[in-house]
Amino acid sequence: MAGIARSPSDPEVQSTGPSSLGASDRLARGLGWFSIGLGALEIFGAERLAWALGLRGREWLIRAFGAREIASGMVSLSANPNPGIASRIAGDALDILVLLSALRRDNPRRENVEAALLAVVGITVLDVICQKGLVARHARPQRGWRDYSNRSGFPKGLAAARGAAQDRAGPLSGPSAGV
């Protein structure tokens, strides 16, 4: 980078390697940013969204969902995105329930609700794929209980350890050792 004062002893980057982020981590990061953007839209555009979906009077709910989206997005951008993606999946379920309630025949914006429902279902599929990938990538391998029944704790074996204390007569050994 030009314009940065560097010491002559500072190491130089000779080449770059692959990212330490896997595909599921990158997807989680993208979903996190998407969630923050959607949350901001829901908070600041609640009236327009309520009108577009035929949900007038539920602006408070749309704003609450926006706050949830932003929180989920921030956690999805953290070092451990699993809780953020899991919270996105739970939020998607709530979004689907609210959209299904707006899918009434008397709703003049029914087509908009259908499009929104299709988009939420698509994003939910991405969230589930991401969650499965994160769990597979970051889970510890399942191992059974380790069997130490064949170990004695004695480096030369139990037979060699038997009687070793009696063979070593020290200053505290013998009949006068007991006080």
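Any read-out appearing in this document is the output of simple, stated calculations on the displayed coordinates, not a laboratory observation. All figures in this text were calculated on a predicted structure; none of them were measured in a lab. We place every Cβ from the backbone using ideal geometry, glycine too, and count neighbours over all the protein chains shown.
Here are the numbers for the structure shown:
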{"item": "Whole-Hz couplings from phi, Karplus 6.51/-1.76/1.60, listed for the range 88-104; x for Gly and Pro", "result": "5, 5, 4, x, 4, 4, 5, 4, 5, 4, 5, 5, 5, 5, 8, 8, 7"}
{"item": "The range 23-137 - charge dipole about Cα centre, Lys and Arg +1 at Cβ, Asp and Glu -1, debye rounded to 20", "result": "60"}
{"item": "Whole-angstrom gap from the range 24-85 to the range 103-147, using each part's C-alpha centre", "result": "14"}
{"item": "Whole-number percent relative contact order across the range 23-137, with pairs defined as alpha carbons under 8 Å at least 6 apart", "result": "30"}
{"item": "Check: the range 18-68 dipole with +1 on Lys, Arg Cβ and -1 on Asp, Glu Cβ, in debye", "result": "60"}
{"item": "HN-Hα J in Hz across the range 131-146 - Karplus 6.51, -1.76, 1.60, θ = phi - 60°, x for Gly and Pro", "result": "4, 4, x, 5, 5, 5, 6, 9, 6, 7, x, 7, 10, x, 5, 6"}
{"item": "Integer Hz, Karplus 6.51/-1.76/1.60 couplings in order for the range 125-130, x for Gly and Pro", "result": "4, 4, 4, 5, 4, 4"}
